[in-house]
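The block underneath contains the structure these notes are about, expressed in structure tokens.
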Amino acid sequence: MRTMLLGGPGSGKGTQGQRLARHYGVPHIASGDLLRAEVRAGTDLGRQVAGCLDAGRLVPDELISDLMLPAVLSAAEAGGYILDGFPRSVAQAVSADAALAESGAGLQSVLFLAVAEQELVRRLLERAESAGRSDDTAEVIADRLRVFEAETRPLIEHYRAQRLLIEMAADQPADRVTEAILAALEARDGK
Ligand code: AP5
């Protein structure tokens, strides 16, 4: 299983990624989680990216590729991966596609979690009350949504053109989304 979750902030990439990883017995590799871990650990990388995370801006492409590609390649060798949050721009996708294809580790599908913007904002503001993520403020959420529209939404067409895209209606309860994803992946594998 080599798949990727694509979607706006709060669309459920992390929630579904953890469930799919358990189901398929492969790692959930989430760029945001790895970056936040670097910030918490106070590493050089963490210090370089903290400002971008707080502001909801993308961190530079070289930094994210250096962090993600080795983890993705080694997971692919061990049986697969569920990618979450990377690639996040066409430039990242073009270089990741090439690096992964070279090792026979390319994506087999891309799951786009479609959720209306109003619901994304509602979920993130609700999470703000409990989780305390520094980027879950109304102002930064608005910036993350703008970055998604400008930088990440074009990936839908990028992966549709490669016949990898599976679009999921993800503004329903999380269990239903999981069931729909598993059904869609099974239907695709059965083809
Ligand atoms: P990242 O951590 O990836 O943040 P994000 O894309 O904004 O996504 P979230 O983690 O907020 O949401 P999610 O879609 O995972 O949803 P979740 O399951 O958590 O990235 C953070 C930052 O890192 C970026 O802004 C950037 O600075 C940097 N970065 C990361 N990758 C990068 C890259 N490739 N290049 C450059 N920079 C990068 O759910 C959200 C909430 O909704 C939760 O409370 C959850 O319980 C709830 N929820 C989930 N599903 C449902 C449902 N079906 N119904 C109701 N509630 C739900």
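Okay, here's what the table says:
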read-out: Full-stretch length increase - residue 33, residue 52 - with 0.36 nm per residue and alpha-carbon distance subtracted; value: 5.4 nm
read-out: Label point distance in nm, residue 101-residue 139, each placed 7 Å from Cα along Cα→Cβ; value: 4.3 nm
read-out: Neighbourhood charge, 14 Å Cβ-Cβ cut-off, centred on residue 47 and excluding it, Lys, Arg +1 and Asp, Glu -1; value: -1
read-out: Euclidean distance between Cα centres, the stretch 101-116 to the stretch 1-67, Å; value: 15 Å
read-out: For the chain: rounded, prolate or oblate by the Cα gyration tensor [a/c cutoff 1.5]; value: oblate
read-out: Extension gain, residue 122 back to residue 108 (0.36 nm per residue minus Cα-Cα distance, nm); value: 1.9 nm
read-out: At least 20 Å along the helix axis (C-alpha) and Kyte average at least 0.5, DSSP helices within the chain; value: 61-77
read-out: Gained length - residue 150 relative to residue 174, 0.36 nm times residue gap less alpha-carbon distance; value: 6.0 nm
read-out: Dipole magnitude of the chain, debye to nearest 20 (Cβ charges: Lys/Arg +1, Asp/Glu -1, about Cα centre); value: 320 debye
read-out: Sum of side-chain charges, residue 103 neighbourhood, beta-carbon under 13 Å (Lys, Arg +1; Asp, Glu -1); value: -2
read-out: Environment charge of residue 121, counting only residues whose C-beta is closer than 15 Å and scoring Lys/Arg +1, Asp/Glu -1; value: -4
read-out: Dipole magnitude of the stretch 140-191 about its Cα centre (Cβ charges: Lys, Arg +1; Asp, Glu -1), debye to nearest 20; value: 180 debye
read-out: Residue 47 accessible area, 1.4 Å probe, all protein chains in place, Å² to nearest 10; value: 150 Å²
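The values are calculated or read from the model by the stated rules, or taken from the named source; none is laboratory data. Just so we're clear, the structure is a prediction, and the values are computed from it rather than from any experiment. Cβ sites come from the backbone with ideal geometry, for glycine too, and all protein chains shown count toward neighbours. For the accessible areas, the whole protein counts, side chains as well, though only heavy atoms, and no ligand, DNA or RNA atoms are used. Shrake-Rupley method; radii C 1.70, N 1.55, O 1.52, S 1.80 Å.
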